[in-house]
Amino acid sequence: MRLAHLSVIAASSGLLLISSFPGCSDETRNAEQTYQQFCVSCHGENLTGGIAPSMLDEVWTHGGTDAAITAQIITGDPAVGMPAFGEVFSDAQVRALVVYIREQRSKHALNPPASPKPDANQIVTTAEHQFRVEVVTDEVDSPWGVNWLPDGTLLITEKSGDLRLWRDGKLSDPINDTPNVDALSQAGLFDAVAHPDYQNNGWIYLSFADLQTKLTGSRLSLTKIVRGRIEDESWIDQETIYEGAEEHYPKAGGYHFGSRIVFDEAGYLFFSIGDRGAKEEAQDPFRPNGKIHRLFDDGRVPPDNPFVNQPGAVPSIWSIGHRNPQGLDLNPRDGTLWATEHGPRGGDELNQIRPALNYGWPLITYGMNYNGTPITGETARAGLEQPIHHWTPSIAVCGIDFYDAHQFPAWSDNLLVTALADRNLRRVVLDKGVFKSQEIILQDIGRCRDVSTGPDGYIYLAVNRPDKIIRLVPVD
Ligand code: HEC
């Protein structure tokens, strides 16, 4: 309905504008289609924003003039994640997009959509369970990670760099003295996870985009892992667990930081680092980006890690060939490690992670470049792992959690999977490591960034736009 309506408007306005742009072809009337095909995955439905900023507000990095928008489309800004479209669009197509952006902005100014609010007592019926959606708090700002302390306190990270606690139904102020983070573009504070023996040692692990200016004087950032304790609302006793070497730091901001943290049953610490936009480096064992890493809880390198004996290789590497793994969890039944990773356009992946294996990015992928040009024709190659499942088109897959609690018994052992662009929560049914089926159990609640089962057995979700923490509570 809505799409049809929009294309009528785009087409009719396109006709109106043709007189002022001689030489326009049919292409210009298809700007809405071009937008849907090439821009929507990052800039969102109706330009409302997603991985990339909204184009409906008054915030423009480059000034927002027609000339600036045109230049952005043609040359892009690859360092921060805006692809160049100059080689794939004609001048007329670029111009039509600028016009389309103008049209959508004026429509929005006349009629701003209400932000989608989950009904506080909405009942959702799925194949196996009925549940109510409850808002835990809407006082959070771009929540990124949700994880539990054993006493039932929820650790909430906010992309901007703040760490908050939710306990006894109340949200704390940001904890003082947490590390400074790079928060440009996709960078920020990412995960906060308790040590398996938290009760005795109080350690909390953080992953974040570490901002460096001291190295060369320029702003650089890379995923870093620290641990510390919280006392009297302050972050204390900080120790560095992992940081890249100087030459591993790319320009600040930009994209693909990965950054989920998980401990296995033996107490090893696993974390992911995205390719930071340098896709070839995902294959390079001399670089930490595009990898999943394994360390002892204090940051020492386990002597049986797969690359420890290769001179020059980054010794914490556990598996290679990853694009942007933003979901990581351990299957509590069998101890296997699972990761979800954002593909390019298409090719979001679910992988079972094993040591020393190569998951293929960018040599094989089910996706293509955002500007529609191919990355490779290959989806499979000997020696490179196939995903357990891939989502094409992309759903912008994010945090995951194996459900292992009593409130939703029919979902036991299912993998809960969040999606940003698709704005939903799925449950994936696996059988002995093989993908069986999936069901969308919650739709259009916002951009679902992370999921974590509470000690109460309810399912907690970190949602962006609108920013909130919600939970799923079963109803009979
Ligand atoms: C892969 C994701 C991605 C895709 C696809 C994408 N963009 Fe972007 N775009 C970005 C990001 C990220 C930024 C903001 C960079 C920054 O932080 O400055 C951006 C910025 C822009 C800007 C500049 C905004 C400003 O504030 O000055 C314009 C204009 C723009 N994009 C238009 C488009 C159009 C039109 C398309 C489709 C043809 C498109 N983009 C496709 C990621 C994307």
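The values are calculated or read from the model by the stated rules, or taken from the named source; none is laboratory data. This structure is a prediction, so every number in the text was calculated from the model and none was measured. Cβ coordinates were reconstructed from backbone atoms using ideal geometry, including for glycine residues, and neighbour counts include every protein chain displayed. For accessibility, only protein heavy atoms count, side chains too; no ligands or nucleic acids. Shrake-Rupley method; radii C 1.70, N 1.55, O 1.52, S 1.80 Å.
Brief remarks on what is shown
- Residue-averaged [θ]222 nm for the chain, counting only DSSP H segments that reach four residues, each worth -39500 (n - 2.57): -4000 deg cm²/dmol
- When the alpha carbon gyration tensor of the range 323-476 is reduced to an equivalent ellipsoid, its three semi-axes come out at 27, 19, 11 angstrom, largest first.
- Principal-axis tilt of helix 2-18 within the chain, Cα atoms, nearest 10 degrees: 40 degrees
- Accessible area (Å², per residue) of the range 240-282, counting only protein heavy atoms and a probe of 1.4 Å: 34 Å²
- Neighbour net charge for Val428 - beta-carbon separation under 10 angstrom, K R +1, D E -1: +2
- Rounded to 10°, Cα long-axis angle of helix 66-75 versus longest principal axis of the chain: 60 degrees
- Most to least packed among 213-225, 188-200, 265-277 [average Cβ atoms within 10 Å]: 265-277, 188-200, 213-225
- Annotation: His129 carries an accessible surface of approximately 30 Å², with a 1.4 Å probe and no ligand, DNA or RNA atoms counted.
- Protein accessible area in the chain, 1.4 Å probe - carbon and sulfur %: 50 percent
- Count Lys and Arg as plus one, Asp and Glu as minus one, and take only other residues whose Cβ is under 9 Å from that of Glu128; the net charge is then 0.
- For the chain, with +1 on Lys and Arg beta carbons and -1 on Asp and Glu, the positive-most of Thr373, Asn147, Val94 along the dipole: Val94
- Accessible area per residue in Å² at 1.4 Å probe, computed on the range 108-207: 47 Å²
- Cut-off 17 Å (backbone N to label point 7 Å along Cα→Cβ of Glu134), residues of the range 408-436: 408-409
- Cα radius of gyration and Dmax for the chain (Å): 22.5, 74
- Excluding same-chain neighbours fewer than eight residues apart, the lysines reachable from Lys224 by a Cα-Cα span under 27 Å are Lys159, Lys214, Lys251, Lys279, Lys291, Lys468.
- For the range 123-475, the Cβ-based charge dipole about the Cα centre amounts to some 1000 debye (Lys, Arg positive; Asp, Glu negative; other atoms uncharged).
- With bins 10 Å wide beginning at 0, the percent of Cα pairs of the range 158-290 falling in each bin runs 12, 41, 33, 12, 1.
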